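The structure under discussion appears below in the form of structure tokens.
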Amino acid sequence: MTEELPPEQPPFDEAEYRRRQRSRANLMGWLLGGLAFLFFFITIARMVVPK
């Protein structure tokens, strides 16, 4: 029985990992900021428009 060796993984690239991590963090920041902005304007609109 022959054992197959797992495919060799490329070397870990710390700079690429940090770049992706920073990109994800920026995206989450923009999404959370946009959501807060949306909630703010919905609240203002509900206060201004009479029932």
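Can you work out which of the residues in segment 3-51 that are surrounded by fewer than 10 Cβ atoms within 10 Å (Cβ to Cβ) and among the acidic types (D, E) is nearest to the chain's Cα centre (by Cα)?
Looking at residues that are surrounded by fewer than 10 Cβ atoms within 10 Å (Cβ to Cβ) and among the acidic types (D, E), I get E16.
State all residues of segment 1-41 that are assigned to a helix (DSSP H, G or I) and among the aliphatic types (A, V, I, L, M); if no residue qualifies, say none.
Correct list: A15, A25, L27, M28, L31, L32, L35, A36, L38.
Values quoted throughout were computed directly from the atomic coordinates according to the rules given, and no laboratory measurement underlies them. Keep in mind that what you see is a predicted model, and the values were worked out from it rather than measured. Virtual Cβ from ideal backbone geometry, glycine too; neighbours counted across all protein chains shown.
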